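Below is one structure, written out as structure tokens; comments come after it.
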Amino acid sequence: MTTNTYLIKEGYTNLNKHGSKTISTMLIICATMLILGIFVIIFQNVNYNVKTLRLEQGLQAFIEDKTTDDEIEYMKDQLHLIDGVSEIIYMSKAEAFEDAKDQFKDQDYFLDGLENLDIFPASFIVKFENIEDVDNIRAQVEKIDGIYKVKYNASTIEAVISISKVANYFLLGVGSVLLVVSIFIISNTIKLAVYSNKREIMIMRYIGAKNSFIVKPFIVEGAIMGVVSALISFILISIVYVYVYVALNSSYALGVFKFIPYSTIWYQILGLYVLLGLFIGIFGSAISLKKYLKA
Amino acid sequence: MIEFINLVKKYDHGVTAIDNVNLKIDKGEFAFLVGPSGSGKSTFLRLLIKEEEPTSGKIIVDGKDITRLKKKDIPFLRRKIGFVFQDFRLLYDRTVEENIVLALRVIEAPEKEIKAQLKSVLQMVGLVGKEKFFPNQLSGGEQQRVALARALATKPPIIIADEPTGNLDPITAEEIFKTLLEINSRGTTILVVTHAKDIVDSLNKRVIALDHGKVIKDEARGVY
């Protein structure tokens, strides 16, 4: 057995020796990690939806009723010339009617009999690369002959962006507080572990143990607590996420809001948790050891 | 092996624990350090393992002035000195074997050496067959032997025993001293702090007496 294997084994033994303290520490770390995880997931989902909305949303330019097909083609060419425009989709009157039916889904009965009334105008959906260009593009689209109205659902996008900004700051604030709390808890547990091993540490000192030899088992103890808490939190949050995903994504309760599929988010959560667990464990142990282990 | 040169240790509250002591203990020597409580014996030992710093003077251990030793080198000084305490200072949740092996793990000894040394010191202190016992399952004398085995495991050139028989009956105490003499006969320098007058008188070894921090007697073949 090498010295490092021995010290890792010692760290593991310490965990068992401090059984109830270890379990209560891990439970608290799990709770803070879960709260943190929920905020991260909300943040990730809001960002994902902002990104999707930015791509999907575009300006809708309505075409005057008596515009001919040739004129429509000409207008399309002019739209293509505008800087920052990424895609142009032409929506005929019939397609506009189908789109309205789609949007109302189960309640589309009130559109019955309106098929031939021509009430929905033809339009162009003008998509763009950057949200910042929207005002400029809108001004140029309005100048094109045959366009009588340009609609831009700015409020939805701006609301989502401002939510994402708030979520960002909130996550940063809550995350920092939870991180400090977790480090404090681990550090406190290790402090107690050091205290209960006081005699052992003193004996080790007398027989010539270097500080690194004394410290390593405690660091290992902290790291194991952090990583095990991370894995437990990961399992719990995965179960909740999959459950919520299935329950909400299949209903229309959230409107346009879509959850990120679990398959594309699980490794991010796992990676974040394990790194965070290691950081909390090692840093938490190290700060309490520094103070308590003077030669 | 050990030398104190003009050594003074004064505490902040004004007490002088070691008062200009000049002393030399040669390699392979067996010496007793005696004196009443408060004479400076404990300070003497604490200075030797650099648990305390002298106010002035030098302490030479194995040719090196330890007063100039850096903090990171203190463990290496302590590895040269095997310490045996009155209260044994064993780990009671570990077996005899684990207590002894700990000293070898600390110096990062290879596994082969650990096995060989464990066998050797168990034989030396007469504890073969008790490797898997916990300290609480042993008598006081046997526990002190475990402590002795742990001190010997890393083959230190110096053994310091602080009241090693203070908690033991006279017959067991005699056995411990026999073992210490045997270890000394193999070339290990031994310094024993003791109040065991009978044993000191019977062994006819060097006796250094301290009182109020001064050496008041230093006889090559002395009595208590």
Inter-site label distance for residue B:60 and residue A:143 at 7 Å from Cα along Cβ, in nm: 9.7
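Let me make sure I get this right: for segment B:93-140, a, b and c are the square roots of the gyration tensor eigenvalues over alpha carbons, sorted descending. Under 1.5 in a/c it's rounded, otherwise prolate if a/b > b/c, else oblate. Which is it? Write out the running numbers ahead of the final one.
Numbers: a/c = 2.55, a/b = 1.51, b/c = 1.68.
Note, shape of segment B:93-140 comes out oblate.
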From the residues A:68, A:267, A:80, which one has its Cα farthest along the dipole of the protein assembly as shown in the positive direction, the dipole being from +1 and -1 charges on Cβ of Lys/Arg and Asp/Glu about the Cα centre? A:267
Summing -39500 (n - 2.57) over the DSSP H runs of n ≥ 4 in chain A and dividing by its residue number, what mean residue ellipticity at 222 nm do you reach, to the nearest 500 deg cm²/dmol? -24500 deg cm²/dmol
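Rank the residues B:98, B:111 as a footprinting-exposure proxy: fewest other Cβ atoms within 10 Å of their Cβ go first.
Listed from fewest to most nearby Cβ atoms, that is B:111, B:98.
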Using Cα atoms only, what is the angle between the long axis of helix B:111-125 and the major principal axis of chain B, expressed in degrees (0 to 90) to the nearest 10? 80
Using 1/(1 + (r/R0)^6) with R0 = 35 angstrom and r between the beta carbons of residue A:202 and residue B:22, what's the FRET efficiency to the nearest 0.05? 0.70
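Mind checking the mean number of beta-carbon atoms from other chains within 10 Å of the Cβ atoms in A:192-204? Write down the numbers at each step before the final one.
Working: counts 0, 0, 0, 0, 0, 1, 0, 4, 5, 0, 1, 12, 7.
Mean inter-chain Cβ contacts per residue within 10 Å come to 2.
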To test your reading of the geometry: what angle, between 0 and 90 degrees and rounded to tens, separates the Cα axis of helix B:96-106 from the longest principal axis of chain B? 60
Normalised by the residues of chain A, what does the relative contact order come to in percent, with Cα pairs under 8 Å and at least six apart? 30
Integer Hz, Karplus 6.51/-1.76/1.60 couplings in order for segment B:189-200, x for Gly and Pro: 6, 10, 10, 10, 8, 8, 10, 6, 4, 4, 5, 4
Cα lying deepest toward the dipole's positive end in segment B:89-169, options B:103, B:143, B:118, charges on Cβ: B:118
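With +1 on the Cβ of every Lys and Arg and -1 on the Cβ of every Asp and Glu, and nothing else charged, how large is the dipole of chain B about its Cα centre, in debye rounded to the nearest 20?
In debye, rounded to 20, chain B gives about 720.
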State the Cα centre-to-centre distance between segment B:138-177 and segment A:35-72 in whole Å. 82
Compute the acute angle (0 to 90°) between the alpha-carbon long axis of helix B:170-185 and the principal axis of greatest extent of the alpha-carbon atoms of chain B; round to the nearest 10°. 80
Check residue B:211: other-chain or 5+ apart residues with amide H under 5 Å from its amide H, H built from backbone geometry? B:216
Please check which bits of segment B:165-185 a label hung off residue B:202 would reach, taking the label as a point 7 Å along Cα-to-C-beta and the cut-off as backbone N under 15 Å. B:165-166, B:168-182
Would you order B:150, B:78 from fewest to most other beta-carbon atoms within 10 Å of each residue's own beta-carbon? B:78, B:150
Using a 10 Å cut-off around each Cβ, can you sort A:162, A:187, A:285, A:20 from fewest to most neighbouring Cβ atoms? A:20, A:162, A:187, A:285
Could you tell me how far the Cα centroid of segment A:175-250 sits from the Cα centroid of segment A:1-30, in Å? 9
Whole-Hz couplings from phi, Karplus 6.51/-1.76/1.60, listed for segment B:210-217; x for Gly and Pro: 10, 8, 6, x, 10, 7, 9, 7
At a Förster radius of 41 Å, what calculated FRET efficiency corresponds to the Cβ-Cβ distance of residue A:13 and residue A:246, to the nearest 0.05? 0.45
Grab the DSSP H runs of chain B that are 4 residues or longer, score each as -39,500 (n - 2.57), total them, divide by all residues and round the 222 nm result to the nearest 500 deg cm²/dmol. -10000 deg cm²/dmol
Which helices pass in chain A if a helix is a full DSSP H run, must span at least 24 angstrom along its long axis by Cα, and must have mean Kyte-Doolittle hydropathy not below 1.0? A:19-56, A:154-196, A:211-249, A:266-292
For every other residue with a beta carbon closer than 13 angstrom to the beta carbon of residue B:42, add +1 if it is Lys or Arg and -1 if Asp or Glu, then tell me the sum. -1
Order the peptides A:7-18, A:235-246 from the highest to the lowest mean number of other Cβ atoms within 10 Å of their residues. A:7-18, A:235-246
Distance in nm between residue A:38 and residue A:169 label points, each 7 Å along Cα→Cβ, equals 2.2
What spacing in nm lies between the two simple spin-label points modelled at residue B:87 and residue A:52, each 7 Å away from Cα in the Cβ direction? 6.7
I'd like the FRET efficiency for residue B:155 and residue B:71, computed as 1/(1 + (r/R0)^6) with the beta carbon distance as r and R0 of 30 Å, rounded to 0.05. 0.75
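Every number here is computed from the coordinates shown, using simple stated rules; none is lab data. Note that the structure is predicted; figures quoted are calculated from it, not measured. Neighbour counts run over all protein chains shown; Cβ positions are idealised from the backbone, glycine included.
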